1. Among Phe101, Tyr149, Met126, whose Cα sits farthest toward the positive end of the charge dipole of the chain (+1 at Cβ of Lys/Arg, -1 at Cβ of Asp/Glu, about the Cα centre)?
2. Regarding the chain, what are the three Cα extents along the principal axes, ordered largest first, in Å?
3. Can you spot the lysines whose alpha carbon is less than 22 Å from Lys53's alpha carbon? Ignore those fewer than 8 places along the same chain.
4. How high is the relative contact order of the chain, given as a whole-number percent (alpha carbon pairs under 8 Å, six or more residues apart)?
5. Mind listing P(r) for the range 127-171? All alpha-carbon pairs, 10 Å bins, whole percents.
6. For Thr49, Thr66, what ranking results if the residue with the fewest other Cβ atoms within 10 Å of its Cβ goes first?
7. Can you list the HN-Hα couplings for the range 52-69, worked out from phi with the Karplus curve (6.51, -1.76, 1.60; θ = phi - 60°), rounded to whole Hz and with x for Gly and Pro?
8. How do 119-125, 90-96, 2-8 rank on mean C-beta neighbours within 10 Å, highest first?
Amino acid sequence: MPNWCMNTVIAKHSDPAKIEALKEALKKEIFFEHILPIGEWEYDKACNTWSTKWEASSISWTHFNTDGRNHLDVSFESAWCPPEEVYKQMIADGWNITAYFYEPGMGFVGKYGNDIDGMYEESYDMDDAIPAELVEMFNIEDMYEDTEYELVYNDNDDTYIVKERTDEDAD
């Protein structure tokens with residue numbers, strides 16, 4: 001049984017047909033296979049092609065097509081890590097993506113995508129300063145609610161750090 005990685009990707013494309021085709025695949029609970037088909041599933045083939053061993057699961061999505069915004073917001077779970085190879089292929093196919101990921105079992109969180117400067121990836125371990133955007137996206141503060149640790153906000157750089165609770169924190 002894998003650790004599950006939570007993912008949210010905002011996917012934009014200038015070709016409405018690409019968005020419609022992805023919508024139709026998502027309706028059938030298919031995401032990775034639509035972007036990077038592997039045919040019959042095989043463990044090594046899936047890991048090498050998608051960066052994860054299984055197709056996306058627990059898929060939910062919303063289509064926005066108002067005020068010149070035509071994109072999909074897709075949330076799903078993947079085994080172990082985000083499907084980086086799927087994202088790379090989407091970018092190669094003309095998609096503009098911003099993908100967020102959080103894997104609480106191994107304790108990492110990050111963001112992947114493309115912008116005017118090309119592809120980027122930001123990844124943080126739970127002992128790094130974590131951007132507030134990622135903490136808020138995945139409600140990471142809740143993970144520390146009943147533990148001996150807490151997330152503390154640093155207003156100077158809009159990040160959170162994990163620190164051990166002290167007796168003073170309990171008051």
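1. Phe101
2. Sorted from largest, the Cα extents of the chain read 57, 41, 28 Å.
3. Lys27, Lys28, Lys45, Lys88, Lys111
4. Value for the chain: 21 percent.
5. Using 10 Å bins, I get a P(r) of 28, 54, 18 for the range 127-171.
6. Least to most surrounded, the residues fall as Thr66, Thr49.
7. Each residue of the range 52-69 in turn: 7, 7, 10, 4, 4, 10, 6, 6, 9, 8, 9, 9, 10, 9, 9, 6, x, 9 Hz.
8. 2-8, 90-96, 119-125
Any read-out appearing in this document is the output of simple, stated calculations on the displayed coordinates, not a laboratory observation. Computed from a predicted model, the values in this text were never measured in an experiment. As a convention, Cβ positions derive from the backbone with ideal geometry for all residues, glycine included, and neighbour counts pool all protein chains shown.
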